[in-house]
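Okay, so here's the structure we're looking at.
The values are calculated or read from the model by the stated rules, or taken from the named source; none is laboratory data. Owing to the predicted nature of the structure, the values given are computational and were not obtained by experimental measurement. Please note: Cβ atoms are built from the backbone with ideal geometry, for glycine as well, and neighbour counts cover all protein chains shown. Side chains are part of the model used for accessible areas, which takes the heavy atoms of the whole protein and leaves out ligands, DNA and RNA. Shrake-Rupley method; radii C 1.70, N 1.55, O 1.52, S 1.80 Å.
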Amino acid sequence: MWATKKLPAEMTEEDPNTWELGTSLAGGSVFRIGRYEPGTAARWHRTDSVDYAICLSGEMWMQLDKGEVHLKPGDVVIQRGTIHNWVNKGPNHA
């Protein structure tokens with residue numbers, strides 16, 4: 001939905017929706033909405049950013065090295081550079 005190339009953010013005429021973005025933007029910020037279908041393949045990764053996740057619908061599980069966090073609609077998790085994976089174990093998209 002939006003991104004900044006660095007923090008603090010500078011006001012420019014650039015449109016972040018035209019940028020090639022990976023999982024994160026080093027030194028900047030990325031705000032996105034994701035949709036996970038049930039049974040999505042594992043994608044363990046570590047980001048070089050602080051990530052804010054809000055479960056909007058369905059249920060999600062954030063798997064970590066030691067355990068997992070179960071998220072339901074309205075739940076928030078702040079992920080600070082740990083190795084993690086997102087899983088939808090439910091019957092509906094999340």
Long-range neighbours under 8 Å by Cβ, at least six apart or interchain, first residue free of Cβ contacts under 8 Å to residues at least 24 places away in the same chain and of a type outside the set (A, V, I, L, M, F, W, C) within segment 65-81, second in a strand (DSSP E or B) and open to solvent by less than 90 Å² (accessible area, probe 1.4 Å)
Glu68/Trp61; Glu68/Met62; Glu68/Val87; His70/Met60; His70/Trp61
Looking only at residues that are over 22 Å from Thr4 (Cβ atoms) and of a type in the set (Phe, Trp, Tyr) in segment 49-94, which one is nearest to the chain's Cα centre (by Cα)?
Trp86
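Which one of Thr23, Thr40 is part of a loop (DSSP other than H, G, I, E, B) and within 13 Å of Ala3 (Cβ to Cβ)? Steps first, please.
Working: Thr40 fails: within 13 Å of Ala3 (Cβ to Cβ).
Sole residue among the options that is part of a loop (DSSP other than H, G, I, E, B) and within 13 Å of Ala3 (Cβ to Cβ): Thr23.
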Residues located in segment 10-26, provided they are open to solvent by 60 Å² or more (accessible area, probe 1.4 Å) and more than 17 Å from the chain's Cα centre (by Cα):
Glu10, Met11, Thr12, Glu13, Glu14, Asp15, Thr18
Filter segment 36-64 down to residues that are among the charged types (D, E, K, R), at pLDDT below 90 and touching a strand residue (DSSP E or B) at 6+ places or on another chain (Cβ under 9 Å) and give me whichever is surrounded by the fewest Cβ atoms within 10 Å (Cβ to Cβ).
Arg43
